[in-house]
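Written out below as structure tokens is the structure these notes cover.
The values are calculated or read from the model by the stated rules, or taken from the named source; none is laboratory data. Note that the structure is a prediction, hence the values are computed from the model and not measured. Because the Cβ atoms are built from the backbone with ideal geometry, glycine has one as well, and the counts that use them run over all protein chains shown.
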Amino acid sequence: MAGEAPELSAQERAGKAFPVSWDQFHRDCRALTWRLNEVGPFHAVIAITRGGLVPAAIVARELGVRIIDTVCIASYDHNKQGELQVLKGISEATMALGGGTGKGLLIVDDLVDTGKTGRMVREMLPDAHFATVYAKPMGRPLVDTFITEVSQDTWIFFPWDTALSYHPPLRDGAA
Ligand SMILES: O=P(O)(O)OC[C@H]1O[C@H](OP(=O)(O)OP(=O)(O)O)[C@H](O)[C@@H]1O
Ligand SMILES: Nc1nc2[nH]cnc2c(=O)[nH]1
Ligand SMILES: [Mg+2]
């Protein structure tokens, strides 16, 4: 409608930016594994795609786990969350490894924000251990192990979504 302010994306509403480099992300995934090593062993790792693929690879490598499955969920279209859609569920073989409830399985994602995605996967595997690298307060109660908490009004920029670019000097009005 004319004169109506355009709807803000989740990223615009967030306000604060938290850019993460590959180096930092790798370090944070290793720190996560140190904690998970106290909780395991795990029969398999389940990555919530796509964001969970990178931490799942690092965590599985460090823990020596070679069975990796995916649960493919689409929700954010760039930066606006819509209805959650399960595009691929957990395989029967992985379900059997977790005794049908997820016992001894490790679910990995890059972050929890509102917790909607995590809640959906937890419902599929109530006894699995759920780990994320980053957590915002709304999603935090769903996660068993995480490394860094950021405020709800922060948007995390992952290295696979960003590129190096020119940044104007602060005195020219850059944030
Ligand atoms: O706690 P929530 O509010 O549900 O948000 C967290 C989810 O959002 C992002 O995934 P996204 O849906 O953007 O898909 P992607 O992993 O394919 O980028 C992130 O990787 C988490 O999976
Ligand atoms: N990249 C990214 N995706 C998200 N999905 C939900 N919250 C976030 C966030 O802070 N950063
Ligand atoms: Mg995701």
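General remarks:
- Qualifying position, being at pLDDT below 95 and under 19 Å from GLU123 (Cα atoms), among GLU92, GLU83: GLU83
- Number of positions in segment 16-38 that are under 16 Å from ASP109 (Cβ atoms) and touching a strand residue (DSSP E or B) at 6+ places or on another chain (Cβ under 8 Å): 7
- Some residue of segment 51-62 being over 16 Å from PHE146 (Cα atoms), within 11 Å of ligand 3 (Cβ to nearest atom), within 13 Å of the chain's Cα centre (by Cα) and in contact (Cβ under 8 Å) with a residue 24 or more places away in the chain: no
- Being buried (at least 17 other Cβ atoms within 10 Å of the Cβ), farther than 16 Å from TYR134 by Cβ, without any contact (Cβ under 8 Å) to a residue 60 or more places away in the chain and away from ligand 2 (no atom under 16 Å from the Cβ) is true of VAL65.
- Restricting segment 114-159 to residues that are of a type in the set (Lys, Arg) and touching a residue at least 24 places away in the same chain (Cβ under 8 Å), the residue that is farthest from THR33 (Cα to Cα): LYS116
- Among the residues of segment 17-43, those identified as of a type outside the set (Gly, Ala, Ser), surrounded by 12 or more Cβ atoms within 10 Å (Cβ to Cβ) and not in a helix (DSSP H, G or I) are PHE18, PRO19, VAL20, PHE42, HIS43.
- Only one entry in GLY104, GLY82 is touching a His at 6+ places or on another chain (Cβ under 6 Å), small (Gly, Ala, Ser) and surrounded by fewer than 18 Cβ atoms within 10 Å (Cβ to Cβ), namely GLY104.
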